[in-house]
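First comes the structure, then the notes that go with it.
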Amino acid sequence: MTAPIETTGSETGVQPEAVLAGVDKGQIEGRSLGQIAWTRFKRDKVAVVGGVIVVLLILVAALSRPIQAVFGLDPNAFNQDLIDPNTSLPLGDFGGMSWAHPLGVEPKFGRDIATRILEGSWVSLVVAFGATILSNVIGTILGVVAGYYGGRVDSIISRLMDTFLAFPLLLFAIAISATLQGGAFGLEGLPLHISVLIFIIGFFNWPYLGRIVRGQTLALREREFVDASRGMGARGPYILFRELLPNLVGPIIVYSTLLIPTNILFEASLSFLGVGIQPPQASWGGMLSEAVTYYEVDPQFMIVPGLAIFVTVLAFNLLGDGLRDALDPRSR
């Protein structure tokens, strides 16, 4: 008796299960790391809300001057007719809130608070973003060099980081800002104040990112793709900027979104102490400083700039947490 002849699925006309599962569907395509991270990020509704608020804040700050020009707004315009001459407080309830002045007016001068909040938004974001970029450039370069080369180079850069971290930054910033108030480097007025704040905040905050990048580089330099580049004759600069840096983009982006709100608070603190942005230029920290005298009788004057800082910092922190979870799910 002959053995039964075994037939394959193709001979019997029956397709294998794996093939049947994809017959009526489109071609299966792989997803890039960016697409995977975006999918994870969209699932975090809180982070999405933070991202939307951040985008709106950036648009408002970028368009603040055009908005003022279109609607004829002046952050330094006095409205003495809205101020009680006996008390120097705004007329009406809730700090003089009205349709013309939805957030009220300042005591003593009667300047519109909403317009000054709008004007101060671009100052805070320019200082925060500028200082963050400066910190990222210095911290990334020194961190990746220290982590890749190691040895004496790593020791020197690590001790430099420790030295900068030991600086009493707030006192140092106050001293430098107060010294350069009159003019320096061919600059004066608002451009000088913004440049000084960006330099002070950015230059002395780079060690935090530098340590993160150094730690990541120490792990990456032992990976196979780095060994392959060395085996093909690639030199150090090529490996640093073409192999290691692209793999450090995720941590740098996450840290940047968490550093920006810190820089906003630092700028507001310096302006609050009187060594940051100088009046009559509007700034959120400067408005808080002016509100100290009136917070008991006109709390509206302090609440509005305080909420502006709170919402901005919270939105950036929520966005940063969402990006961290999306780019590195192991951190959750």
I need the P(r) histogram for the range 204-290: all alpha carbon pairs, bin width 5 Å from 0 out to the longest distance, whole percents.
3, 12, 17, 14, 11, 10, 8, 7, 7, 5, 4, 2, 0
Report the Rg/Rh value for the range 154-243, based on alpha-carbon coordinates and the Kirkwood definition of Rh.
1.19
Once the other residues with Cβ under 13 Å from the Cβ of Ser64 are scored (Lys, Arg +1; Asp, Glu -1), what is the net sum?
0
I need to check one value: relative contact order of the chain, counting alpha carbon pairs closer than 8 Å and at least 6 residues apart, in percent.
23
Could you tell me what % of all Cα pairs in the chain have separations over 30 Å?
52
Run the quick spin-label model on Leu165 and Phe109: label points 7 Å from Cα toward the beta carbon, then report their separation in nm to one decimal.
4.2
Return one whole number: the accessible area per residue of the chain in Å², for a 1.4 Å probe.
57
Taking a crude spin-label model, label points 7 Å out from Cα along the C-beta direction, the Thr293 to Asn86 distance in nm is 2.0
May I ask you to give the percent of accessible area on the chain that is carbon plus sulfur, with a probe radius of 1.4 Å?
65
All other residues with a Cβ under 9 Å from the Cβ of Asn76 taken together, and with Lys, Arg as +1 and Asp, Glu as -1, what is their net charge?
0
Net charge over other residues, Cβ less than 14 angstrom from the Cβ of Ile113 (K, R count +1; D, E count -1):
-3
Which peptide among 146-156, 252-262 comes first, and what is the full order, when sorted by highest mean count of other Cβ atoms within 10 Å?
252-262, 146-156
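The values are calculated or read from the model by the stated rules, or taken from the named source; none is laboratory data. None of these values were measured; they are calculated from a predicted model. Cβ sites come from the backbone with ideal geometry, for glycine too, and all protein chains shown count toward neighbours. Accessible surface areas use protein heavy atoms only, side chains included; no ligands, DNA or RNA. Shrake-Rupley method; radii C 1.70, N 1.55, O 1.52, S 1.80 Å.
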